[in-house]
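A.B. asks: Have a look at this one before I ask anything.
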Amino acid sequence: MTKLKKTTKKNPRTKVGEEITPEIADALAAEAERGYDLSKAKRRRVGRPSLAGQGASPRMSFRATPDLYRAAQKRAKKEGRSVSDLAREAVARYVGS
């Protein structure tokens, strides 16, 4: 017969780590049952922020040789940057922006 692992009863947590106690769960359920006025809801943008400060930032994608990729990773690490940041700068220099 297979042994079952002991489980401890823990309350679930929110995304930010706050414990949801049974009392909080009951209050949230009661609020949901009363209904929500979605006209007052705040729109939350998802995803990464725009690089230009507003609007969407188009995505660029390209393939590289393993040697070039490793060199870019090494350089980025040395400079405390991301490979994406390095690539953005290189393309901007190339096109004269």
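Throughout, read-outs are computed from the coordinates displayed, never taken from laboratory work. What you see is a predicted model, and the numbers here were worked out from it, not measured in a lab. Here Cβ is always computed from backbone atoms with ideal geometry, including for glycine, and neighbour counts include all displayed protein chains.
A.B. asks: Note down the Stokes-Einstein diffusion coefficient of the stretch 48-97 in µm²/s, whole number, using a Kirkwood radius over alpha carbon pairs, 25 °C, and 0.890 mPa s.
C.D. replies: Here the translational diffusion coefficient equals 201 µm²/s.
A.B. asks: Okay, moving on. Scan around Ser57 for amide H atoms under 5 Å from its own, H built in the peptide plane at 1.01 Å from N, and keep only partners 5 or more places away or cross-chain.
C.D. replies: Residues meeting the criterion, in which the H sits 1.01 Å from N, are Leu51.
A.B. asks: Mind listing which trypsin sites (Lys or Arg not before Pro) in the stretch 2-97 are in a DSSP loop and have 12 or fewer other Cβ atoms within 10 Å?
C.D. replies: Lys3, Lys5, Lys6, Lys9, Lys10, Lys15, Lys42, Arg43, Arg44, Arg45, Arg59, Arg63
A.B. asks: Give, as a single signed number, the net charge of other residues whose beta carbon lies under 15 Å from the beta carbon of Tyr36, with Lys and Arg counted +1 and Asp and Glu -1.
C.D. replies: +2
A.B. asks: Count the net charge of all other residues whose Cβ sits under 14 Å from the Cβ of Arg88, scoring Lys and Arg as +1 and Asp and Glu as -1.
C.D. replies: Its environment carries a net charge of +2.
A.B. asks: Here is a further query. Expected output is a single nm value to one decimal: the length gained when fully extending between Ala29 and Gln73, i.e. 0.36 nm times separation in residues minus the C-alpha distance. What is it?
C.D. replies: Contour length minus Cα-Cα distance gives 11.0 nm.
A.B. asks: For the chain, how big is the tail of P(r) above 15 Å, as a whole percent of Cα pairs?
C.D. replies: 80 percent
A.B. asks: Out of the chymotrypsin sites (Phe, Trp or Tyr not before Pro) in the stretch 1-96, which ones are loop residues according to DSSP with at most 12 other C-beta atoms within 10 Å?
C.D. replies: Answer by residue number: Tyr36, Phe62.
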